[in-house]
1. Report the Rg/Rh value for region 82-156, based on alpha-carbon coordinates and the Kirkwood definition of Rh.
2. Say each of R138 and L174 gets a label point 7 Å from the Cα, pointing the same way as Cα to Cβ; how far apart are those two points in nm?
3. Tell me, what is the Rg over Rh of region 320-432, with Rh the Kirkwood radius over Cα pairs?
4. Which peptide among 396-407, 70-81 comes first, and what is the full order, when sorted by highest mean count of other Cβ atoms within 10 Å?
5. Compute the whole-percent fraction of alpha carbon pairs in region 50-128 spaced more than 17 Å apart.
6. If I take all pairs of Cα atoms in region 199-282, what percentage of them are more than 23 Å from each other?
7. Distances over 28 Å make up what percent of all Cα-Cα pairs in region 260-403?
8. Report Rg/Rh for the chain, rounded to two decimals, where Rg is the Cα radius of gyration and Rh the Kirkwood radius.
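The values are calculated or read from the model by the stated rules, or taken from the named source; none is laboratory data. All values reported here derive from a predicted model rather than from experimental measurement. Note that each Cβ is placed from the backbone with ideal geometry, even for glycine, and that neighbours are counted across all protein chains shown. With ligands, DNA and RNA removed, areas are computed over all heavy atoms of the protein, side chains included. Shrake-Rupley method; radii C 1.70, N 1.55, O 1.52, S 1.80 Å.
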Amino acid sequence: MTRLATPLLLFILFVFALFPAACASSADVETNKTAWSRIELESDLDAWLDWTRSTHPAFEQSVDVDAFERQIKQVRAGLHDGMETSEAWYLFARLNPLLNDAHMGLELPAIDSDLDSWDVEIENGHAYVLLPGPDEKRQEIVTVNGLSVREVIARTLPVVRGESDALRQRILELRFRELVTLNLYGGSPVEVRLQSTDGTERVVSEIKPVAAASEATPFSLSFLNSTAIMRIDTFEKDIDAEFASFVEESFAKIASEKATRLVVDLRDNGGGAHEVSDRLLNYLTSERYTPISAVRARVTEANRGQIPGAEPGDVVAMPYAQWVEPESRLDHRFGGDVIVLIGPATYSQAIVFSTTVQDYQIGLIAGEETVGKANQTAQVQHFNLPNTGFHVRAPLYVLTRSSGEETGMGVVPDIPISNVEDRPIAQVLEAVDLWTAQNGQPDLALQR
């Protein structure tokens, strides 16, 4: 059932959405079992589908239902007795591409939290790692326990959750150790074969992160003539304090350098929290803004207490303005031209930030259309399947950008730049200058 919320209920619901989501999950599965019967697997498949449909507020509008049902039939047909973790996961994961949302789908199985993650970069189907040593040269991970890493990536990339290869690749980079463990059937790596660019090979039993790489900051400030370039790769909440200092120091530096243009590079930003991105917007505008204009929410046991009169299963649709008031007095607020650089991998809160800049004419958006939709999903819930213990996720909310536009598209740039992911910043600025010369520079400063 869909209801139109009153303004009071609307406010209560969205205030609740600002806090961490309660996990709508079954108890963690405490078992060493690694093989299941067809009946157990079919029960898990049904549990996943039922939970997702009862959690997502607009499932049938977000998914090609006919294609999804056809894929479900193929997955069911592939189930059999004695399936082990890896085989079952890869079969279930065939549904991920049809969900077309990194906030929804089957996750890679978790591993022991005491194990170190591997700082891996994936390029063109190859996995690379920077290891400690005199030169700290990048090495390709060729095999793990004799297993071809290239084959594992090629097999897994198409079925990881997400809207694009760029987003799925990023998930594999962050969860690479889980990927290896899954393909080793739960075993631990004992022989990792690495290869340098000159063909030299070495074998290690563990990959230890390089301190410099693991501690590298996800944001930086640089200058090119009168342009300041601010690279921001995440808005994650755990870097909020560090980001606050970075922003304050950066805008003081931008003022001292008398930069007249600011490029905010979000090409590799996978999102995070609005509280973090608001710190940046605080320096770009003095006018109040709202990142969204409406929300559609599923009522569950997790939030029903916040919505009087609503019952689990209801879908509550409501207009909403979540107004943010920038500080009235702020040293070094930027008054020049603002360019936000986006690409296919720009995602989640980075998308919300970009639509806010675009809708309120705070700056121009340059680059390529995001693969993630301009109207993002949010308040991700998690669920553990009862037999396999596989982790799945789905959002409770679908947000509408502040302009109210609902096209189903990504963020469409004002200044289109092809192959923006592969271009150095100097080339990006040349493309922006060429576009400005041909189209003129809109006077956006009055909006700020």
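1. 1.02
2. 2.1 nm
3. Working: Rg = 17.4 Å, Rh = 16.2 Å.
Result for region 320-432 is an Rg/Rh of 1.07.
4. The packing order, highest mean first, is 396-407, 70-81.
5. 62 percent
6. Here the tail beyond 23 Å accounts for 35 percent of pairs.
7. On the way: 2958 of 10296 pairs.
In whole percent, the share of Cα-Cα pairs in region 260-403 beyond 28 Å is 29.
8. 0.98
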